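The values are calculated or read from the model by the stated rules, or taken from the named source; none is laboratory data. Note that the structure is a prediction, hence the values are computed from the model and not measured. Positions of Cβ are backbone-derived with ideal geometry, glycine not excepted, and every protein chain shown enters the neighbour counts. In case anyone asks, the SASA skips ligands and DNA or RNA and just uses the protein heavy atoms, side chains included. Shrake-Rupley method; radii C 1.70, N 1.55, O 1.52, S 1.80 Å.
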Amino acid sequence: LLTAASVQGSEFDSAVVAQVLNLEADEVEERLEKLERVFAFVKLTSESEFPNRALTLKYRFVHVLYQNAFYALLRPTRKAALSAAVAQALLNCYGEHDDAVASELAHLLEIARDFRRATKYYLLAAQNATHLFAEQEAAVLARRGINLLSTLPESPEHNRLELNLQTILGTALMVTKGQQEPDVERAYLRARELGQQLGETQQLYRALWGLWYLRLVKGEIQAAREMGEQFFVLAQNLQDSTSLLLAHRVLGQTLFFLGEFAQAREHLEQGSALYNSQQHRSLAFLYGQDPGVACHLWAALTLGVLGYADQALQRGQRALALANELAHPSSLVYLSTFVSWLDYFRREEQVVLERAEMTIAFAHERGFVLNELISTVWQGWALAKQGQEALSRMHLSLTSLQAKGANIWLPYLHVLLAEAYGEAEQAEAGLGVLTDALAEMQRTDQRQYEAELYRLKGELLLKLPAQHQAEAEICFRQAIEIAQQQSAKSLELRAVTSLARLWRQQGKTDEAQQMLAEIYGWFTEGFATADLIDAKALLEELSLNRQPLESDKLQFVAAAEPDTLSGRPTN
């Protein structure tokens with residue numbers, strides 16, 4: 001009896017053992033009671049009822065070594081026969097609810113050498129694990145299923161099973177190990193091959209999405225764009241809302257990193273409009289991230305760069321509300337990691353610090369390595385802004401990210417490190433960091449933060465002796481030109497403010513005032529943000545220093561002061 005029980009596991013059911021041994025249930029229960037009371041081999045843990053209404057007593061071995069010892073007594077053929085019997089008993093007890101014990105059935109059927117059925121249950125168990133946010137377990141189960149399939153003859157059914165297992169494996173490994181894990185790309189490439197061969201559109205989409213995300217995170221932006229456009233063409237041909245939602249998210253995020261913000265906004269807005277939380281809730285488990293959360297997040301960041309700070313904040317809050325509603329860990333940690341970009345852009349250091357520390361703890365607990373590393377850089381930047389030493393932890397995290405191939409995040413994270421060096425009065429070290437960041441930006445062709453890189457380079461040059469002022473001015477002008485080409489009004493405002501300060505020091509008050517008033521007058525919202533507050537304060541200083549005529553003062557007030565009711569500049 002204990003040998004049969006050991007086949008089910010360290011925990012077992014009296015009803016299952018009774019079926020396996022072809023004994024009456026009450027007889028098995030009496031013998032187990034004696035084995036507990038007299039010999040202390042097992043312990044009763046609970047009484048329950050199976051889905052088929054059969055009653056059972058749940059027992060466990062007092063020590064796992066007991067279970068191992070009894071199991072080791074079995075010869076291979078007897079072990080296979082008993083495993084098949086236990087699996088059949090569980091199937092009898094659970095009926096159509098067999099998904100509840102899919103992992104146990106997969107293992108038992110593998111031992112019973114029923115590899116075809118075992119593979120089906122490994123797939124079901126892996127799917128269950130993803131819905132329980134257990135990505136590491138999902139990867140293990142998917143791998144075991146794939147290994148079993150390699151022992152079976154090729155057939156459409158087996159290829160379909162492998163296709164599903166490969167997409168689960170790719171997503172689970174990407175979440176837990178990162179994009180640099182070689183098995184991630186192998187899994188998605190194999191899934192794409194099988195999807196094209198079988199004509200399985202949904203699984204082909206998952207494979208294409210995974211390969212797109214790999215290219216993006218590795219910094220292969222043009223390759224990511226090409227894949228995104230293929231994705232979009234396929235979605236347009238299908239005219240399916242889910243396919244179009246995913247395609248808009250893919251292209252929108254890619255265009256954001258290319259610095260094509262107006263086009264990125266169009267795609268992200270269309271993706272957000274297509275999203276329905278009830279209809280598309282399952283996509284978070286299939287793709288590792290909820291596309292609605294992603295569309296709102298990247299739309300918020302795009303709006304922020306384009307100069308719509310209030311709308312950006314609202315979209316960021318919508319993304320947070322949706323992520324909390326879904327309670328999907330990977331989507332939550334993804335959002336929490338990158339919404340810090342919006343907080344940083346608003347120069348809210350304390351908010352960045354609090355969010356980073358929360359994300360670090362959550363990511364560490366769940367095994368989201370990349371998110372933990374990125375949030376550690378955010379944490380370091382916020383601490384540096386508060387006058388604390390954080391350079392070493394930032395360097396360590398950036399080195400680890402580079403080793404993991406997460407190149408897409410490096411340029412803007414190097415901006416944070418360069419700023420931290422500036423706060424520590426180590427301008428030359430900061431300039432060295434920016435040199436590396438600019439080289440990485442040129443190599444990967446990502447342009448989303450190009451203007452800010454040049455602006456910050458100019459700011460650091462101004463911390464050096466005065467002979468660097470001309471070079472700093474060139475950097476500010478480059479930043480302004482790039483921001484104007486990208487319609488990135490927030491980045492343009494920052495660069496113009498930096499140049500206006502330099503011109504004020506050089507006595508070019510009139511030029512500085514005129515240039516700053518023009519860009520400030522463009523804005524219609526976000527007047528409570530630090531950048532616009534600073535710009536307004538500088539405009540007032542320039543106005544006082546200039547000592548303009550009365551007519552000039554009236555023009556300046558009209559351009560600079562927002563209407564108190566609408567918040568819009570009056571003209």
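Name every residue in the range 204-260 that is on the phi < 0 side of the Ramachandran plot, in contact with a Ser or Thr (Cβ under 7 Å, 6 or more places away or on another chain) and open to solvent by less than 10 Å² (accessible area, probe 1.4 Å), in order of residue number. Those that are on the phi < 0 side of the Ramachandran plot, in contact with a Ser or Thr (Cβ under 7 Å, 6 or more places away or on another chain) and open to solvent by less than 10 Å² (accessible area, probe 1.4 Å): 205, 207, 210, 216, 221, 224, 228, 235, 256. Would you mind stating whether residue 122 is touching a residue at least 12 places away in the same chain (Cβ under 8 Å), part of a helix (DSSP H, G or I) and touching a Gly at 6+ places or on another chain (Cβ under 6 Å)? For residue 122, the condition - touching a residue at least 12 places away in the same chain (Cβ under 8 Å), part of a helix (DSSP H, G or I) and touching a Gly at 6+ places or on another chain (Cβ under 6 Å) - is met. Exactly one residue out of 265, 318, 347 is basic (Lys, Arg) and under 24 Å from residue 131 (Cα atoms), and it is 318.
Among the listed residues 281, 347, 318, identify the single one that is open to solvent by 50 Å² or more (accessible area, probe 1.4 Å), closer than 29 Å to residue 451 by Cα and not in a helix (DSSP H, G or I).
Only one candidate qualifies: 347.
Within the range 39-54, the set of residues being open to solvent by less than 80 Å² (accessible area, probe 1.4 Å) and either under 18 Å from residue 10 (Cβ atoms) or more than 43 Å from the chain's Cα centre (by Cα) (or both) comprises 40, 41, 42, 44, 45, 46, 48, 54. Whether a residue is buried (at least 22 other Cβ atoms within 10 Å of the Cβ), of a type in the set (Gly, Ala, Ser), modelled with pLDDT under 90 and more than 23 Å from residue 465 (Cα to Cα) was assessed, and residue 406 passes this test. Residues that are surrounded by fewer than 22 Cβ atoms within 10 Å (Cβ to Cβ) and of a type in the set (D, E, K, R) within the range 111-135 comprise 113, 114, 116, 117, 120, listed in sequence order. For the range 90-101, the criterion of a residue being more than 27 Å from residue 146 (Cα to Cα) and assigned to a helix (DSSP H, G or I) is satisfied by at least one position.
Exactly one residue out of 401, 396, 431 is touching a Lys or Arg at 6+ places or on another chain (Cβ under 7 Å) and either surrounded by 16 or more Cβ atoms within 10 Å (Cβ to Cβ) or not acidic (Asp, Glu) (or both): that is 431. Can you pull out every residue in the range 453-468 that is in a helix (DSSP H, G or I) and buried (at least 16 other Cβ atoms within 10 Å of the Cβ)? Across the range 453-468, the qualifying residues are 453, 454, 455, 456, 457, 458, 459, 460, 461, 468. For the range 545-564, indicate whether the set of residues that are modelled with pLDDT of 50 or more, crowded, with 16+ Cβ neighbours inside 10 Å and of a type in the set (A, V, I, L, M) is non-empty. Scanning the range 545-564 turns up no residue that is modelled with pLDDT of 50 or more, crowded, with 16+ Cβ neighbours inside 10 Å and of a type in the set (A, V, I, L, M). For the range 509-525, the set of residues classified as hydrophobic (A, V, I, L, M, F, W, C) and part of a loop (DSSP other than H, G, I, E, B) consists of 523 only. So for the range 82-99 (the condition being small (Gly, Ala, Ser), out of contact with any Cys (no Cβ under 9 Å at 6 or more places or on another chain), farther than 25 Å from residue 26 by Cβ and open to solvent by 50 Å² or more (accessible area, probe 1.4 Å)), does at least one residue qualify? No, the range 82-99 contains no residue that is small (Gly, Ala, Ser), out of contact with any Cys (no Cβ under 9 Å at 6 or more places or on another chain), farther than 25 Å from residue 26 by Cβ and open to solvent by 50 Å² or more (accessible area, probe 1.4 Å). The single condition from (1) outside any helix (DSSP H, G or I); (2) within 22 Å of residue 453 (Cβ to Cβ) that residue 388 fails is (2). Just to be sure, is residue 326 in contact with a Cys (Cβ under 7 Å, 6 or more places away or on another chain) and not hydroxyl-bearing (Ser, Thr, Tyr)? Criteria not met by residue 326. Checked against the criterion of being buried (at least 18 other Cβ atoms within 10 Å of the Cβ), modelled with pLDDT of 95 or more and among the hydrophobic types (A, V, I, L, M, F, W, C), the candidates 323, 299 yield just one match: 299. Within the range 381-405, residues that are over 27 Å from residue 220 (Cβ atoms) sit with their Cβ atoms under 8 Å from residues that are of a type in the set (Asp, Glu) and outside any helix (DSSP H, G or I), at 6+ positions apart or across chains, in these pairs: 383/389. Exactly one residue among 74, 57 is open to solvent by less than 50 Å² (accessible area, probe 1.4 Å) and part of a loop (DSSP other than H, G, I, E, B), and that residue is 74.
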